[in-house]
Amino acid sequence: MSVMDKLKSMLKGHEAQADKGIDKAGDAVDDKTQGKYSGHVDTAQDKLKDQFGTRPEDR
């Protein structure tokens, strides 16, 4: 079992909390970089949400 599979199984049933964590981490990076890389951070957040199935349209 890969690390991603383990993470997905751990997050099953807790999608809302994972979504909040991804957003909070992205906001922290934006604060540290003063928004300089906000486009890249947003893309990374979207990819993580896609990977872990936490997008609202996936529920």
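Bear in mind that the values in this text are calculations on the coordinates, not laboratory data. Being a predicted model, the structure only gives us computed values, none of them experimental. All Cβ positions, glycine included, derive from the backbone under ideal geometry; neighbour counts span all protein chains shown.
Go through 12-19, 1-8, 45-52 and give me the packing order, highest mean Cβ count within 10 Å leading.
45-52, 12-19, 1-8
Based on DSSP H segments of at least four residues, each scored -39500 (n - 2.57), the chain has a per-residue ellipticity at 222 nm of -23000 deg cm²/dmol.
Which helices pass in the chain if a helix is a full DSSP H run, must span at least 27 angstrom along its long axis by Cα, and must have mean Kyte-Doolittle hydropathy not below -1.0? Span-like helices here: none at all. Gain on full extension, evaluated as 0.36 nm per residue between SER2 and LYS24 minus their Cα-Cα distance, stands at 5.4 nm. Listed by chain and number, the lysines whose alpha-carbon sits under 20 Å from that of LYS20, ignoring those within fewer than 8 places in the same chain, are LYS6, LYS8, LYS12, LYS32, LYS47, LYS49.
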